[in-house]
Structure formats: C-alpha cells, structure tokens
Ligand code: UD1
Ligand code: CA
C-alpha cells in the first residue's frame with residue numbers, strides 16, 4: 001500500500017537501484033502566491049518543512065547523493081539543509097527563471113555524475129518512497145526518462161501529460177508535457193498531470209537541458225520541455241501513474257492546508273492500522289515523526305508536535321498537547337495535559353489535568369494529578385506531586401534542576417525553588433516554599449505557623465454589626 005506515511009511509520013527498507021542515484025531537489029522558487037515573508041519550502045506540514053519532507057523522501061528512496069537548488073538570500077533554507085541533510089551539496093539559482101534553469105544550477109554536479117538522476121520539487125511533501133522507487137524502476141524497461149503522473153480531480157495549474165497509447169500496468173508512452181498556461185482547450189481536458197518528479201537515465205542530460213528555451217506563456221525555462229525534445233530525438237519517455245493523494249504541489253496557503261489534511265488522514269489511518277484506538281480520528285493531529293504503539297488510547301483533540309513516542313497501552317485523555325516527549329508503557333496523561341520537550345513519563349506514571357511538564361523524567365508510578373508545573377526535574381518512582389505545586393526552575397537568568405526522590409510526597413500548593421534535592425520518602429508540607437535540600441524520610445515545613453484565637457470571629461461580628469447600626 002503506497003499510502004503508508006513517511007511520518008509515523010518506521011523507515012521503510014532502502015532498495016538501492018543498481019546504478020548510483022543522484023537526487024536533485026528544486027527549492028529556489030519564491031512561491032509568491034503564498035504571500036509570505038518566508039520561502040515557500042520552509043512552510044510546514046505536520047511539524048516539518050516542505051523541504052524537510054522531500055529530503056526525507058530522497059534519503060528513503062535510496063539516493064547516493066543529494067543536490068539542492070536554493071535561491072539567493074535564503075538563510076533559513078540553508079539552515080534547514082545543514083540540519084536535515086548536512087551531506088547534500090547546495091547550489092544557488094541566482095534568478096528564478098524556471099525549473100530547467102534551476103536544474104542547470106547543478107551543472108557541475110550533473111557533469112560529474114554517472115548514473116540516474118531524480119528530480120523532485122521541494123513543494124510536493126506527500127510523495128512516498130515506494131512511489132519513487134517504482135518510477136526509477138520504470139527506467140529499467142528502456143525509457144530514458146520517466147515522469148511521475150497522476151489523475152487529478154481538478155487538474156488546474158498542473159502540467160498535462162500528453163501520452164500516445166493507453167496506460168499498461170500504470171505506464172504510458174509520454175509525448176510531451178504541456179503547462180496549464182500554454183495548453184490548448186483540448187489539452188486542458190487531459191486530467192493526467194505532472195507531479196514534478198522525473199527520473200532520467202540520460203547520459204547527455206546537460207545537452208538536453210541546454211536546448212530548452214523560454215518560448216512559452218511564462219517566458220520561463222520549463223524542465224517539462226525536456227520530454228518533447230527527447231522524443232524528437234527518438235528517445236523513449238514514459239509516464240508512470242501514481243495516486244493523486246500523494247502528488248499535491250503546494251503553491252498557495254489553501255494547498256498547504258490540503259497537504260496537512262491529506263498527511264493527517266494518512267497518519268491517522270496508519271496509527272489505527274498499527275493498533276491504536278483513536279476515539280475521534282479527525283481531531284488527533286500527528287507530527288511527521290510521531291510513533292504510536294499498540295493498544296494506545298487517544299481521546300479527542302490531541303495534538304502531537306515533533307519528537308513524540310507513545311509506547312504500548314499508554315492513554316492520552318482529551319485536549320492534551322505533546323512535543324518532544326516519551327510516554328512509556330501504560331503511562332497516562334490528561335485530560336488537558338501539556339508535555340514539552342525533554343519529558344519522559346515512565347511506565348504507569350500519571351500526569352493529570354492542567355499539568356505542564358518540561359524536560360522532566362517521571363519515573364514509574366510517579367504522579368502529578370492536578371494543576372502543576374514541573375520543569376527541569378527528576379521525579380522518583382511513586383513520588384506524588386500535589387495540586388498547585390510549582391517547580392521554580394528559573395531565576396531570570398539560569399535554569400536549575402530539582403530532584404525529587406522515590407516515594408516523596410509534595411503537599412499541595414508548594415513551591416520548590418531549584419536547585420533542590422528532596423530525599424526519598426520525604427514529606428513537604430502543603431503550602432511550603434522550599435529553598436533548602438530536604439533529607440530522606442523527613443518532613444519539611446516552610447510556611448507561616450498557624451495561630452488560633454478562640455471566639456475571635458463571634459466578637460468581630462458583634463463589633464462590626466454595632467458599628468453598622470450606628471450609621
Ligand atoms: C510545476 C511543473 C508542472 C507540474 C507541477 C507539479 C514546470 C514548468 N512545471 O509547476 O508541470 O504539474 O510543478 O507540482 O516544471 N523552482 C526553482 N526555480 C525556479 C522555479 C521553480 O527552484 O526558477 C522550484 C520551486 O521552488 C518548486 C518547484 O521548482 O519547488 C516547482 O516550481 P513551481 O513554480 O511551484 O511550479 P508549478 O507551477 O507548480
Ligand atoms: Ca508547485
């Protein structure tokens with residue numbers, strides 16, 4: 001099944017083709033229709049940039065080398081590349097003169113490469129590695145170029161694949177690609193569209209690209225013109241059909257929302273297929289890398305940011321928000337829990353409503369059931385954090401750690417001022433402000449001592465009532 005998400009799936013096995021594969025990712029376009037101050041490919045789907053999705057695709061599809069074409073003044077794109085694909089070569093396309101011009105920005109790399117070349121646009125985040133492998137495999141049947149196509153419900157804006165003959169096993173002879181703007185009314189009736197992914201087994205690819213001109217409606221160098229040029233030279237070009245749900249190209253904010261929605265549909269289906277219960281799947285939002293185990297229960301309105309792993313049998317109650325956290329087997333959180341990066345909730349540990357946890361390890365069976373902030377801490381096994389407890393981890397300049405021993409009991413509404421150690425089995429009286437370490441098995445009491453005045457209330461009421469009567 002090709003709908004398997006790259007997201008919450010385990011990485012699928014790499015099946016390298018016999019020839020070295022160079023993947024070129026085109027990411028230089030400004031994406032003006034996004035009306036954004038950030039480059040289009042840095043917009044996110046499921047917590048990862050569009051570019052990040054495509055880089056992961058290249059790696060999963062078994063590429064030997066990756067080259068990325070960026071525009072000038074795109075520091076955020078370069079930073080993303082440094083983080084997600086440090087071994088990729090980066091090329092700059094000075095003026096955005098079209099997709100063929102972008103590919104030519106990698107001229108030195110193409111000239112040095114003896115093998116297949118895969119071209120992928122950085123604005124198509126949903127394509128799967130299985131689909132790309134199927135495309136590259138089509139070259140083994142004697143085609144010099146294979147283009148990944150799809151049948152679009154609404155083909156507006158996409159390049160149309162002009163084929164001769166019928167699709168056989170999802171493959172057709174390709175004659176030309178006609179861009180939407182340049183297509184005749186008859187060509188616009190074609191619903192078979194170009195996804196943008198092309199695989200070349202073309203030793204003289206550079207000379208083909210050099211023949212591409214700008215005689216079209218956009219006055220751009222269209223990479224898609226390579227097909228007609230190669231066909232004229234008697235070379236074989238094919239189109240390989242894939243699923244529309246993978247092929248969406250993001251040109252607008254509406255497309256971005258569609259890509260998110262398609263991604264989520266896939267991720268929800270995958271989580272359920274792997275044995276998780278989603279009470280209301282449409283209200284659970286996964287990140288690209290969320291890992292969910294078996295017999296996990298996820299109630300409605302749960303949001304996963306990047307970096308969350310949920311082990312078997314964990315329970316996430318409604319309206320919880322998790323990022324960068326691990327839930328061990330049988331852990332339970334929420335409703336209304338917030339887990340921030342660096343959090344680990346041990347087996348059978350429990351985080352209740354309106355509890356925020358950041359960079360803290362709850363060992364097995366530890367609990368914070370209501371209304372608390374726990375930051376930069378270890379909470380030992382079976383310790384109990386009472387309602388209203390605040391771990392005061394920040395002094396305005398530095399963050400400090402709190403260590404709560406196993407079986408300790410922190411009374412409600414206490415402030416634990418870090419750096420601090422609370423020994424195993426210690427008690428902290430509720431309402432305490434604890435600034436000094438607490439010995440194991442001792443009681444720490446740090447609040448005003450209670451005074452009692454018998455009969456005071458009755459006297460006070462009588463006095464006040466007589467004053468009021470005199471007015
Ligand atoms: C392109 C294809 C179209 C296809 C569609 C699929 C061409 C001419 N058209 O159209 O056939 O159906 O994608 O989504 O190839 N880019 C550069 N430099 C440039 C121009 C673009 O790097 O000078 C990059 C963009 O960042 C983007 C990709 O190439 O990632 C595609 O460019 P875009 O302008 O989005 O092309 P479409 O009009 O969507
Ligand atoms: Ca596009």
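Go through region 24-125 and tell me which strands (runs of 3 or more DSSP E), entirely inside it, have 1 or more residues that are within 16 Å of ligand 2 (Cβ to nearest atom) and in contact with a helix residue (DSSP H, G or I) (Cβ under 9 Å, 6 or more places away or on another chain). Before the answer, list the steps.
On the way: elements: 65-70, 89-92, 116-121.
Per the criteria, 65-70, 116-121.
Only one residue in 41, 117, 54 is within 21 Å of residue 208 (Cβ to Cβ) and in contact (Cβ under 8 Å) with a residue 24 or more places away in the chain. Which one? Spell out how you get there, then give the answer.
On the way: 41 fails: within 21 Å of residue 208 (Cβ to Cβ); 54 fails: within 21 Å of residue 208 (Cβ to Cβ).
Residue meeting the stated conditions: 117.
Residue 209 versus (1) within 19 Å of residue 106 (Cβ to Cβ); (2) more than 16 Å from ligand 2 (Cβ to nearest atom); (3) not in a helix (DSSP H, G or I): which is the lone unmet condition?
Unmet for residue 209, out of (1) within 19 Å of residue 106 (Cβ to Cβ); (2) more than 16 Å from ligand 2 (Cβ to nearest atom); (3) not in a helix (DSSP H, G or I): (3).
Can you report the number of residues in region 219-259 which are part of a helix (DSSP H, G or I), in contact (Cβ under 8 Å) with a residue 12 or more places away in the chain and within 16 Å of ligand 2 (Cβ to nearest atom)?
At the first step, the residues of region 219-259 found to be part of a helix (DSSP H, G or I) are 223-232, 244-247, 253-259.
Filter again for in contact (Cβ under 8 Å) with a residue 12 or more places away in the chain, leaving 223-231, 244-247, 253, 256, 259.
Pick out the ones that are also within 16 Å of ligand 2 (Cβ to nearest atom) and you get 223-224, 244, 246-247, 253, 256, 259.
Selection size over region 219-259: 8.
Take region 169-178 and flag every residue that is over 17 Å from residue 230 (Cα atoms) and buried (at least 19 other Cβ atoms within 10 Å of the Cβ).
Within region 169-178, the subset over 17 Å from residue 230 (Cα atoms) is 169-171.
Within region 169-178, 171 is the sole residue that qualifies.
Here is a yes/no grid of residues against (1) under 25 Å from the mean Cα position of the chain (by Cα); (2) within 30 Å of residue 282 (Cα to Cα); (3) surrounded by fewer than 21 Cβ atoms within 10 Å (Cβ to Cβ); (4) at pLDDT below 95:
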residue: 300; (1), (2), (3), (4): yes, yes, yes, no
residue: 308; (1), (2), (3), (4): yes, yes, no, no
residue: 315; (1), (2), (3), (4): yes, yes, yes, no
residue: 349; (1), (2), (3), (4): no, yes, no, no
residue: 361; (1), (2), (3), (4): yes, no, yes, no
residue: 369; (1), (2), (3), (4): no, yes, yes, no
residue: 378; (1), (2), (3), (4): no, no, yes, no
residue: 396; (1), (2), (3), (4): no, no, yes, no
residue: 400; (1), (2), (3), (4): no, no, yes, no
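Are any residues in region 266-288 buried (at least 21 other Cβ atoms within 10 Å of the Cβ), outside any strand (DSSP E or B) and in contact with a strand residue (DSSP E or B) (Cβ under 7 Å, 6 or more places away or on another chain), and if so, which ones?
If the condition is that a residue be buried (at least 21 other Cβ atoms within 10 Å of the Cβ), outside any strand (DSSP E or B) and in contact with a strand residue (DSSP E or B) (Cβ under 7 Å, 6 or more places away or on another chain), then 268, 271, 276, 286, 287, 288 are the ones that fit.
Hey, residue 112 hits all of (1) within 26 Å of residue 59 (Cβ to Cβ); (2) near ligand 1 (Cβ under 9 Å from one of its atoms) but one; which does it fall short on?
(2)
Only one of 165, 157 is assigned by TED's automatic domain parsing to the domain that holds residue 64, surrounded by fewer than 21 Cβ atoms within 10 Å (Cβ to Cβ) and in a loop (DSSP other than H, G, I, E, B); which?
Values: 165 fails: in a loop (DSSP other than H, G, I, E, B).
Going through 165, 157 in turn, the sole match is 157.
Which residue out of 171, 145 is more than 9 Å from ligand 1 (Cβ to nearest atom), touching a helix residue (DSSP H, G or I) at 6+ places or on another chain (Cβ under 7 Å) and within 21 Å of residue 100 (Cα to Cα)? Don't jump to the end; show me each part of the working.
On the way: 171 fails: within 21 Å of residue 100 (Cα to Cα).
Only one candidate passes the filter, namely 145.
Of the conditions (1) out of contact with any strand residue (DSSP E or B) (no Cβ under 8 Å at 6 or more places or on another chain); (2) assigned to a loop (DSSP other than H, G, I, E, B), residue 300 satisfies every one except a single condition; which number is it?
(1)
The values are calculated or read from the model by the stated rules, or taken from the named source; none is laboratory data. Since we're looking at a predicted model, the values are computed, not measured. Here Cβ is always computed from backbone atoms with ideal geometry, including for glycine, and neighbour counts include all displayed protein chains.
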